[in-house]
Amino acid sequence: MLTLTKSLFALMLGFISATIFGLIAIPFLKKLKAGQRINIYVEAHRNKAGTPTMGGLIFIIPTFAIVLFLLLTGKIEYSVNLVIVLFVFLSYAFIGFLDDFISLKRKTNKGLTQFQKLFLQLIVALVFYVLFRQFTDGDSYLRISALGIEWNLGWFYGVFILFMLVGASNAVNLTDGLDGLAGGLSAISFLAFGLIAMGSWWIEGNADMGIFCFVLVGAIMGFLVYNTNPAKVFMGDTGSLTLGATMATIAILTSHELSLVLIGGVFVIETLTVIIQITSVVLLKKRVFLMTPIHHHFERLGWRENDIVKLFWIVGFILSMFALIYGVWL
């Protein structure tokens, strides 16, 4: 009961803090003229031009501030795993912020180059790997416990970490194309990973990682107050890159790397549709979808934005519940 109460309190703290912080941050972003450049290929989105971006700060800053407060007051305890989570969380927030800031300065949708992004992400992955191998009980095994399969990836595990961080961050980034879509799916995913972390009793600081997840869920919900249709602010790369990479980090530290594919199933589907579309156009000179990522395909079919978002949230929730049944209960 105490764990449940702590989790709910963490979620409430995150929600209230982000909601209040949003009241301050959005006018400030408008004053900075941090308006988002809109995809001209989606006619229905033209009226969103000028909506402030970098809204990921609305859940990033309160989450970090609350976790730091809980650490300083002894409500949660220091652990290497929590440090790794916070390191990735803040590092990707910086990368995303830099990308958004440069694109706003240039008044285009082009911020950091792909090489610059990959280089910064490589540095984060290397630090992650060193901390993970030197200061935790983590190993280089990739496990499918249901099938009794274990693969020792050795040094290649470092490459695997980079792949997960880059893949997950870009998957969330691709999904962030409709009001509330990426935010709602991320809240569902972190709720699932919070429960998984709480159940991973053999990992140092597992409960505190769970508390971090619940604070972040609450903060994302506070952000959604301003991000649901019609959005008053977009999370931008500042938010999407941070959420994806942090999600992958929790999955790695709790040894639920493959659960990420199911919990983040909608993100995976969105990414796969882009890959399929590009491959088909290059090799067959024909489109499989009207437009990708797939949420734009539904828009082209005439679906309302809110209906697409609700459908994707439901799918994400169902997939997360399946992952929890396997990862926690069974």
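Bear in mind these aren't lab numbers, they're just calculated from the coordinates by the rules spelled out. Remember, predicted model here, so these are calculated numbers, not experimental data. Cβ sites come from the backbone with ideal geometry, for glycine too, and all protein chains shown count toward neighbours.
Each part gets one Cα centre, and for region 66-133 versus region 257-323 those centres are 26 Å apart. Packing order of peptides 114-123, 218-227, highest average first: 218-227, 114-123 (average count of other Cβ atoms within 10 Å over each peptide's residues).
Can you classify region 96-148 as rounded, prolate or oblate using the Cα gyration tensor, where a ≥ b ≥ c are the square roots of its eigenvalues, rounded means a/c under 1.5, and otherwise it's prolate if a/b beats b/c and oblate if not? Note, shape of region 96-148 comes out prolate. Considering helices alone, the calculated mean residue ellipticity of the chain at 222 nm is -23500 deg cm²/dmol, with DSSP H runs of length four and up weighted by -39500 (n - 2.57) and normalised per residue. Amide H contacts of Tyr141: Leu153, each under 5 Å away and 5 or more positions distant or on a separate chain (H built 1.01 Å from N in the peptide plane; Pro and chain starts excluded). Once the dipole of the chain is set up with Lys and Arg at +1 and Asp and Glu at -1 on Cβ about the Cα centre, which of Ala207, Ile263, Leu57 lies farthest towards its positive end? Selected residue: Leu57.
For the chain, the Cβ-based charge dipole about the Cα centre amounts to some 1300 debye (Lys, Arg positive; Asp, Glu negative; other atoms uncharged). Listed by chain and number, the lysines placed with their C-alpha closer than 17 angstrom to that of Lys75 are Lys6; residues fewer than eight positions away on the same chain are left out.
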